[in-house]
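Asker: First, the structure itself, so that you have it in front of you.
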Amino acid sequence: MEMNNTIYHAGDIVYVIIRNPHVQGAANVQEAAVVNNPDHPGELALFVYETYYPLTDDVAVYVSRTEAEEEFSQAFGSVDDIEGFYG
């Protein structure tokens, strides 16, 4: 699914919520760079963890860490919400 990339430009720093594929239920807010997609010239991609991800409507992208963390808390709750959590 293509995204209206006009609001993002190569070099922008954005924030995404990334799920850990190795640990079920683990996710975190991660800073990502908007870059020119090396596999598809003329398209943008997100560069996170040394990997390029297509910038599509399937990816929730936030312009601020605060906005991403608020959405994360709504989706996953916060550590403060887990009774008996130590760590």
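Asker: I need every pair where a residue in the stretch 67-87 that is farther than 14 Å from Ala27 by Cβ and at pLDDT 70 or above has its Cβ under 9 Å from the Cβ of a residue that is of a type in the set (S, T, N, Q) and surrounded by 10 or more Cβ atoms within 10 Å (Cβ to Cβ), sequence separation at least 6 or different chains.
Answerer: That search, which allows pairs on different chains as well, returns nothing.
Asker: So, one more: Name, by its number, the condition in (1) exposed (fewer than 13 other Cβ atoms within 10 Å of the Cβ); (2) under 19 Å from His9 (Cβ atoms); (3) hydroxyl-bearing (Ser, Thr, Tyr) that does not hold for Thr56.
Answerer: Only one criterion in (1) exposed (fewer than 13 other Cβ atoms within 10 Å of the Cβ); (2) under 19 Å from His9 (Cβ atoms); (3) hydroxyl-bearing (Ser, Thr, Tyr) is unmet by Thr56, namely (1).
The values are calculated or read from the model by the stated rules, or taken from the named source; none is laboratory data. What you see is a predicted model; the values in this text were computed from it and never measured. Because the Cβ atoms are built from the backbone with ideal geometry, glycine has one as well, and the counts that use them run over all protein chains shown.
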